[in-house]
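Heads up, the thing below is written out as structure tokens.
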Amino acid sequence: MGPCDLEKILSRVTSHTSERVLSSLQSGEDAGVFALDDKNTLVQSVDFFPPIVDDPYTFGQIAAANALSDIYAMNGTPLTAMNILGAPCTLDLEIISLILRGGEEKIREARADIIGGHTIEDDELKYGLCITGTLDRKNMWQVKGALPEDILILTKPVGTGILSTALKAQFISEDGMEDAIVSMRSLNSYAAEILSSHRVHACTDVTGFGLIGHLKNICVASNVSAAIRAKEVPLFGKTHEMASLGMIPAGQKRNKEYVLEIVKIEDRVDELLAECLFDPQTSGGLLASVHPDDAKNVLDELKRGPCPHAALIGSIEESEETKISIDVR
Amino acid sequence: MMEMKEIDARNLQCPQPVILTKQTLAEEKKAFAILVDNEAAKDNVKRFAESRGCKVRLSEEEGYFRIEIIPEHAKTTLEHPECSIPEPQAEKQNNKVIFITSDEIGKGERKLGTRLASAFIYACAQNEEIPHKIIFMNTGVRLVTQNEEIAENLKRLEERGCEMLVCGTCLDFYGLKDSLLVGRVSNMYEIQSTLIAADTVVSL
């Protein structure tokens, strides 16, 4: 569902919560946070979607990496997972088991356990997971907390929405988007681990609302502005080319509407590159707002380690009203 | 004029309208229209058709968009004056000059104009036959100073032997002297004599 519609719906849902709930529906937090007692904190999230690649095992891996990502974006540690699956009754059982095995592999990589799940009959195949974990409240990352002069770090390239649209249209094959597939199925845990030894003031993961949509959540919650250097934002190999062939998914427009009022794109920014910044992502990277003195080190460690394409894509600025400016550099 | 074939792609989500456009382009030699009911599909169909060298005409109807697509080879057969693009001359000429005096092509929405200029440079870089020289004047100098993408394509042309002359007075005037990404600073004398000596000048 697009961010505008979701915002409208959530604004009508009165969120009467106890004091133990440390996150709210409206703040755009990645996962729900619940204080069990003075020490222990529960963090939970759920995500599911239709296949975005043809290979069932890979789809399972991506769905799990994507579901786990919300936990990592808050600096949590996943403990348990529940499968959610909707499938047409005509679907080959072998395909379903491949999807579940792909998911299981990633949950094991995350050192968590699958402890159950639920399946329903559905016209269209869907798979995802509900993840439960814990976090250390003192070191929790939220969308609020970004400070002026912070540097914005993005750990994965963007373009999965455009590329999976192109795959659907058979403009490219899975081979043609191999870099995106590798990225989507890789866990954000490794990036989170590196970030956690530095001063991270705010963090989120880039998913359905696109890079700028999730950046807006950080900016609004933190009451700051941001400046993005579009040329620094890494894209998957064929993203720009596929965008130029009309492979921009419908959700991208909704993402753009969501941020329209606060975004200013300079004329000299390549138009298609700008469009890519709103592309809805699946299992995208972490977007962290990091203390300026730590940014270079974080980037070096990320690039040497799990995230070769990580980049410093902009900075946080002080301002009375929240704005996001997008310039070439 | 003959009735134009119409493809109804309303109620279809991306990428379906583009797929239909692609299929139709493969079958149809003549111009056709495709109907879509959302902005995303409109932009995507337009982008796709333009990437295939088609001319695109857009009109907003009640509740939907009508996109006329004129395949490249059909252009000259249409009666509209804007479609009658002169055929490239048969003989090889090695002294063609492109004279760019603006950072946008045509008069209209600036956003479109600058995009067209960028696409033009890209197409030039892709083309087997390259111009002998390209001259940048007035706001045309923005193309060699402010946009990395365009500069990259121009560099590719430069590597293949195309010379870029950039008006120094214009760079000064717009305060862009230190931002030159590609080409060399030139003056009115050189530019004037280059234009006079050229076999063909394409002005933009």
Within region A:25-65, which residues are under 13 Å from A:LEU135 (Cα atoms), among the aliphatic types (A, V, I, L, M) and either at pLDDT below 95 or touching a Lys or Arg at 6+ places or on another chain (Cβ under 9 Å) (or both)? A:ALA31, A:VAL33, A:ALA35, A:LEU36
Could you name every one of the strands (runs of 3 or more DSSP E) located completely within region A:48-164 that has at least 3 residues being more than 29 Å from A:HIS240 (Cα to Cα) and of a type outside the set (Ser, Thr, Tyr)? A:76-87, A:113-121, A:126-135
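Could you list all residues from region A:242-261 that are buried (at least 18 other Cβ atoms within 10 Å of the Cβ) and more than 9 Å from chain B (Cβ to nearest Cβ)?
A:MET242, A:ASN255, A:LYS256, A:TYR258, A:VAL259
Return yes when A:ILE162 is of a type in the set (A, V, I, L, M) and open to solvent by less than 30 Å² (accessible area, probe 1.4 Å) and no when it is not.
yes
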Could you please tell me which pairs satisfy a Cβ distance under 6 Å, a separation of 6+ or placement on different chains, a first residue in region B:115-134 that is in the same structural domain as B:CYS162 (by TED's automatic domain parsing), and a second residue that is among the basic types (Lys, Arg) and not in a helix (DSSP H, G or I)? B:ILE130/B:ARG160; B:PRO131/B:LYS96; B:HIS132/B:LYS96
Report every pair of residues separated by at least 6 positions or lying on different chains whose Cβ atoms are under 8 Å apart, first residue within region B:193-204 and more than 11 Å from B:PRO131 (Cα to Cα) and in contact (Cβ under 8 Å) with a residue 12 or more places away in the chain, second of a type in the set (Gly, Ala, Ser) and open to solvent by less than 60 Å² (accessible area, probe 1.4 Å). B:LEU204/B:SER102; B:LEU204/B:ALA117; B:LEU204/B:GLY140
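Kindly evaluate B:ILE34 against the criterion of being surrounded by 15 or more Cβ atoms within 10 Å (Cβ to Cβ) and out of contact with any strand residue (DSSP E or B) (no Cβ under 9 Å at 6 or more places or on another chain).
Working: surrounded by 15 or more Cβ atoms within 10 Å (Cβ to Cβ): yes; out of contact with any strand residue (DSSP E or B) (no Cβ under 9 Å at 6 or more places or on another chain): no.
Considered against the rule, which asks whether it is surrounded by 15 or more Cβ atoms within 10 Å (Cβ to Cβ) and out of contact with any strand residue (DSSP E or B) (no Cβ under 9 Å at 6 or more places or on another chain), B:ILE34 comes out as no.
So that you can scan it fast, the table gives a plain yes or no per residue for (1) open to solvent by 30 Å² or more (accessible area, probe 1.4 Å); (2) closer than 24 Å to A:GLY161 by Cβ:
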site	(1), (2)
A:TYR57	yes, yes
A:ILE62	no, yes
A:ALA67	no, yes
A:GLY76	no, no
A:ILE84	yes, yes
A:ALA87	no, yes
A:LEU91	yes, no
A:SER97	yes, no
A:ASP113	yes, no
Just for region B:55-92: of the residues that are surrounded by 15 or more Cβ atoms within 10 Å (Cβ to Cβ) and at pLDDT below 50, which one is farthest from B:GLU27 (Cα to Cα)? B:CYS83
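Looking at B:LEU157, is it surrounded by 15 or more Cβ atoms within 10 Å (Cβ to Cβ), on the phi < 0 side of the Ramachandran plot, touching a Ser or Thr at 6+ places or on another chain (Cβ under 8 Å) and not small (Gly, Ala, Ser)?
Values: surrounded by 15 or more Cβ atoms within 10 Å (Cβ to Cβ): yes; on the phi < 0 side of the Ramachandran plot: yes; touching a Ser or Thr at 6+ places or on another chain (Cβ under 8 Å): no; not small (Gly, Ala, Ser): yes.
No.
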With the first residue restricted to region A:223-243 and required to be assigned by TED's automatic domain parsing to the domain that holds A:ALA288 and among the small types (Gly, Ala, Ser), and the second required to be at pLDDT 95 or above and open to solvent by 70 Å² or more (accessible area, probe 1.4 Å), Cβ contacts under 6 Å at 6 or more apart or on different chains are A:SER225/A:GLU317; A:SER225/A:LYS323; A:ALA227/A:GLU317
Pairs only if they're at least six apart or on different chains, beta carbon under 7 angstrom, first in region A:295-312 and surrounded by 19 or more Cβ atoms within 10 Å (Cβ to Cβ), second among the aromatic types (Phe, Trp, Tyr); list them, first residue then second. A:PRO306/A:TYR190
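Residue check: is A:GLU232 open to solvent by 10 Å² or more (accessible area, probe 1.4 Å) and over 21 Å from A:SER183 (Cα atoms)?
Against the criterion (open to solvent by 10 Å² or more (accessible area, probe 1.4 Å) and over 21 Å from A:SER183 (Cα atoms)), A:GLU232 does not qualify.
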Among the residues of region A:141-153, is any open to solvent by less than 40 Å² (accessible area, probe 1.4 Å) and of a type in the set (Lys, Arg)? no
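Within region B:144-151, is there a residue that is facing chain A (nearest Cβ under 10 Å), touching a residue at least 12 places away in the same chain (Cβ under 8 Å), among the small types (Gly, Ala, Ser) and under 24 Å from A:VAL233 (Cα atoms)? If you could, list the steps in order and put the result at the bottom.
Step one: list which residues in region B:144-151 are facing chain A (nearest Cβ under 10 Å), which gives B:145-150.
Next, from what is left, pick out any that are touching a residue at least 12 places away in the same chain (Cβ under 8 Å): B:145-150.
Retained after the next criterion (residues that are among the small types (Gly, Ala, Ser)): none.
Within region B:144-151, none of the residues are facing chain A (nearest Cβ under 10 Å), touching a residue at least 12 places away in the same chain (Cβ under 8 Å), among the small types (Gly, Ala, Ser) and under 24 Å from A:VAL233 (Cα atoms).
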For region B:129-152, enumerate the residues that are open to solvent by less than 40 Å² (accessible area, probe 1.4 Å) and either part of a helix (DSSP H, G or I) or closer than 11 Å to B:SER179 by Cα (or both). B:THR139, B:GLY140, B:VAL141, B:LEU143, B:VAL144, B:THR145, B:ASN147, B:ILE150, B:ALA151
Limited to region B:112-125, what total is found for residues that are at pLDDT below 90 and more than 22 Å from B:MET164 (Cβ to Cβ)? 0
Given the criteria free of Cβ contacts under 8 Å to residues at least 60 places away in the same chain, more than 14 Å from A:ASP54 (Cβ to Cβ) and more than 14 Å from chain B (Cβ to nearest Cβ), does A:ASP205 qualify? no
On the basis of being crowded, with 24+ Cβ neighbours inside 10 Å, within 14 Å of another protein chain (Cβ to nearest Cβ) and at pLDDT 95 or above, does A:GLY210 make the cut? yes
State which residue is nearest to the other protein chains (Cβ to nearest Cβ) when the search covers only region B:1-45 and only residues that are more than 18 Å from A:GLN170 (Cα to Cα) and among the polar types (S, T, N, Q). B:ASN38
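The values are calculated or read from the model by the stated rules, or taken from the named source; none is laboratory data. Here the structure is a predicted model, which is why all the values come from computation and not from measurement. All Cβ positions, even for glycine, are placed from backbone atoms using ideal geometry, and neighbour counts span all protein chains on display. Please note that ligands, DNA and RNA were not included when accessible areas were found on the heavy atoms of the full protein model with its side chains. Shrake-Rupley method; radii C 1.70, N 1.55, O 1.52, S 1.80 Å.
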